[in-house]
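Asker: First the structure, then my questions, so here it is.
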Amino acid sequence: MIKKEKSFIMEQQDKKLREQLSKIKHKILVMSGKGGVGKSTVAVNIAVGLSLQDFMVGLLDVDLHGPNVPKMLGARDLKLSRRPDGRLGAIKYSPNLKFLSIEPLLPSEDTAIIWRGPIKHSAIRQFIGDIDWGELDYLVIDSPPGTGDEPLTVAKTIPDAYALIVTTPQEVSLIDVKKAIRFCQKIKLRILGIVENMSGFICPHCGKPVDIFKKGGGQKLADELGIRFLGRIPVDPRIVDTGDAGKPLIAAYPESVTAKAFEELVRNIIVATEEMKKDILEEKFMRIAIPISTPSKIETDPEKFELFALYDVENNKILVKDVVKKAENQGLIDFLKEQVVTHVLLFDPPKELADYLSQNEIKVLVTDTSTETPDSLIEEYLKEKQLH
Ligand SMILES: Nc1ncnc2c1ncn2[C@@H]1O[C@H](COP(=O)(O)OP(=O)(O)OP(=O)(O)O)[C@@H](O)[C@H]1O
Ligand SMILES: [Mg+2]
């Protein structure tokens, strides 16, 4: 009985979460392989930059250990607002920028907290599901360093989030990028691109760029890995000052070289997010699900659909393969939407099922053999697709 009630509550929560997420057009998770490369700085400046372009933007700080978005925005005193319907709203920073961080929810700002994995997980889910963010064009999510619980929870909670990877030009940092990219692939997070921060130097006296540090590694790496290079931000001492003073550089010194670099980054992000959407429409990116009974056998009975092999395909090449289980009480469409599946490959599906999927904007691929392995079915499909 208790178990049943609990699952009812969780179902309601999931529903709320999905409703909220469907109102957000693009979700961007700012991450990196290691700490201190400027994720929060980049997250705050692109959120402000996007809001200055008249987009509706949300900025979410999921760094539960050291949240610093409120400080960087100079908004530590702003409090959460309660809506007439009792829900909490994100904090309004400007007419079109809202943010949320764990900090305003803590008794004192210096409280050291120890979060365990499951608590982190539910806190982050609540940040997104229980808080009213309204309609947004962009939700920018700042995460703590590395490949830990937080980015994993975000990826699980927001399967259609894109990863924006921040790096610095040093060799070690580039190794960390490769680690972050592998992590993204493992958790099926599509990569928006990389940003090279602290690339080149802006002279504090004349405000002009000086090339005393190494730069350019990010571009080379992006080319090598076939991902987008979204821009480089120079080392600029004013970034530290503006971060401490609570006025993001892009707004504080709009005419500076560094603000221009952030603006270019913002423009590239806008283009890249649109491209990511277009890639799905044009089938350059597909996430194909195949119901399976065992890893090597397709499930033919719709009543028994529970395990699914998922394939991320980009430009006709399989990037990642994974097996995911649908919860018993979850509807098929809900599950497929949650996994951001674009295509389902089925053996001789009943017409109602195929129609039902198409009505929900999931494309149906049909096979007439049930004896081949899911892997070879996919490969055959891709081969055929290439011929056309
Ligand atoms: N381009 C830059 N020029 C000068 N200083 C910078 C630049 N980018 C970031 N910084 C400074 O470097 C420090 C670390 O930046 P930030 O907090 O954004 O990194 P982070 O990746 O979010 O760190 P953490 O991993 O701890 O979350 C800050 O003091 C910030 O002001
Ligand atoms: Mg940070």
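The values are calculated or read from the model by the stated rules, or taken from the named source; none is laboratory data. Please read these numbers as outputs of a predicted model, since none were measured by experiment. So basically every Cβ, Gly included, is an ideal-geometry build from the backbone, and we count neighbours across all protein chains shown.
Asker: Within the stretch 56-89, count every residue that is closer than 24 Å to PRO145 by Cβ and either touching a strand residue (DSSP E or B) at 6+ places or on another chain (Cβ under 8 Å) or not assigned by TED's automatic domain parsing to the domain that holds SER32 (or both). Steps first, answer last, please.
Answerer: Here is the first cut: in the stretch 56-89, the residues closer than 24 Å to PRO145 by Cβ are 57-76.
Cutting the leftovers down to either touching a strand residue (DSSP E or B) at 6+ places or on another chain (Cβ under 8 Å) or not assigned by TED's automatic domain parsing to the domain that holds SER32 (or both) gives us 57-63, 67-70, 73, 75.
Going through the stretch 56-89 one residue at a time, the tally reaches 13.
Asker: I've got another one for you. Please report, ordered by residue number, the helices (runs of 4 or more DSSP H) entirely within the stretch 1-91 with at least 2 residues that are away from ligand 1 (no atom under 16 Å from the Cβ). So that I can check it myself, show each step before the final result.
Answerer: Values: elements: 2-22, 39-52, 69-72.
Because the criterion is at least 2 residues that are away from ligand 1 (no atom under 16 Å from the Cβ), the helices (runs of 4 or more DSSP H) in the stretch 1-91 that meet it are 2-22, 39-52.
Asker: Shifting gears a bit: Which of (1) within 15 Å of the chain's Cα centre (by Cα); (2) away from ligand 2 (no atom under 16 Å from the Cβ) is the odd one out, the single condition LEU29 does not satisfy?
Answerer: The failed condition is (2).
Asker: Still on this structure, please answer the following. Since ALA252 meets every condition but one in (1) more than 18 Å from THR41 (Cα to Cα); (2) at pLDDT 90 or above; (3) over 25 Å from the mean Cα position of the chain (by Cα); (4) hydrophobic (A, V, I, L, M, F, W, C), which condition does it not meet?
Answerer: ALA252 satisfies all of (1) more than 18 Å from THR41 (Cα to Cα); (2) at pLDDT 90 or above; (3) over 25 Å from the mean Cα position of the chain (by Cα); (4) hydrophobic (A, V, I, L, M, F, W, C) except (1).
Asker: Also, I was wondering about something else. Starting from the stretch 366-380, keep only residues that are in the same structural domain as ALA289 (by TED's automatic domain parsing), then list their pairs with residues that are of a type in the set (A, V, I, L, M) and outside any strand (DSSP E or B) whose Cβ atoms are within a distance under 7 Å, requiring at least 6 positions of separation or different chains.
Answerer: Cβ pairs passing all conditions: THR367/LEU377.
Asker: Right, next: Please determine, by comparing only the residues of the stretch 219-233 that are without any contact (Cβ under 8 Å) to a residue 40 or more places away in the chain and in contact with a helix residue (DSSP H, G or I) (Cβ under 6 Å, 6 or more places away or on another chain), which one is nearest to ligand 2 (Cβ to nearest atom).
Answerer: The first filter runs over the stretch 219-233 and keeps only residues without any contact (Cβ under 8 Å) to a residue 40 or more places away in the chain, leaving 219-220, 222-224, 226, 229, 231-232.
Next cut, in contact with a helix residue (DSSP H, G or I) (Cβ under 6 Å, 6 or more places away or on another chain) only: 229, 231.
Working: PHE229: 22, GLY231: 19 Å.
Filtering the stretch 219-233 for residues that are without any contact (Cβ under 8 Å) to a residue 40 or more places away in the chain and in contact with a helix residue (DSSP H, G or I) (Cβ under 6 Å, 6 or more places away or on another chain), the one nearest to ligand 2 (Cβ to nearest atom) comes out as GLY231.
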